[in-house]
Amino acid sequence: MSATTPERVYAELTKGIWRENPIFVQVLGMCPTLAVTNSVMNAIAMGVATFFVLVGSSLLVSLLRRLIPREVRISTYIIIIATFVTLADSALEALVPAVHKELGAFIALIVVNCLILGRQEAFASRNPPLLALADAIGMGLGFCIALLCLGGTREILGAGSFLGVSLFGPNFEPWVIMVLPPGGFLMLGAVLLLFAVLRQRKRRPKEVGA
């Protein structure tokens, strides 16, 4: 196991924001990504809830990693994740009931988000708490940033507003498709294409040099 050095902690913290972004690079958690990013507020609420669940469950799994029997590890992870999802669901219902109603079942579905369960199995269960926490924070921030980018763009184009505040006045003709389900696919496809082009350009100088 690698030592918990400041350099390693920094690397784990930053990888999920750009290099291994869970949505734009790993293409994980597509269900909430496509479903709730029709507005900035929905994207923020889902991002914060997922961040809380990911950080809390990763820390707890890492702390208990030597005590969890291998045969029941997945069931144990799901129970831990479900506990934090219940806390997030109750907090959203109490603090922002309107947003909670709009998100509906997608909050509960965080339990089966492949991003969260995958980080428990691939990282938190195999590393000390500090590294698990750094990994979870980085991945959570990357997820939040991706949702905010998609939600902001879709709301601006589809409604002419940002966080409900009109940006272009009454003469703006919104692209209604952007706040509908097909708009989520179109926007995500455009961003994935952009990331693919950037990776291709970054790889090209290395191939030429070789």
Among the residues of segment 1-26, which ones are in a helix (DSSP H, G or I) and surrounded by 14 or more Cβ atoms within 10 Å (Cβ to Cβ)? Arg8, Val9, Ala11, Glu12, Leu13, Thr14, Lys15
Could you check Phe168 against (1) under 17 Å from the mean Cα position of the chain (by Cα); (2) surrounded by fewer than 14 Cβ atoms within 10 Å (Cβ to Cβ) and say which number it fails? (1)
The lone exception for Phe172 - which of (1) in a loop (DSSP other than H, G, I, E, B); (2) modelled with pLDDT under 85 it fails: (2)
Segment 1-18 - residue that is more than 16 Å from Ala136 (Cβ to Cβ) and not hydroxyl-bearing (Ser, Thr, Tyr) and, of those, modelled with the lowest pLDDT: Met1
Residues of segment 32-81 classified as part of a helix (DSSP H, G or I), modelled with pLDDT under 95, more than 30 Å from Lys101 (Cβ to Cβ) and not β-branched (Val, Ile, Thr), total: 4
Taking Val112 and the conditions (1) within 18 Å of Thr37 (Cβ to Cβ); (2) surrounded by fewer than 14 Cβ atoms within 10 Å (Cβ to Cβ); (3) modelled with pLDDT under 90, which numbered condition does it fall short on, given that it satisfies the others? (1)
Residues of segment 27-39 classified as aliphatic (A, V, I, L, M) and surrounded by 23 or more Cβ atoms within 10 Å (Cβ to Cβ), total: 1
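The values are calculated or read from the model by the stated rules, or taken from the named source; none is laboratory data. Note that the coordinates shown come from a computational prediction; the quantities given were computed from them, not determined experimentally. Positions of Cβ are backbone-derived with ideal geometry, glycine not excepted, and every protein chain shown enters the neighbour counts.
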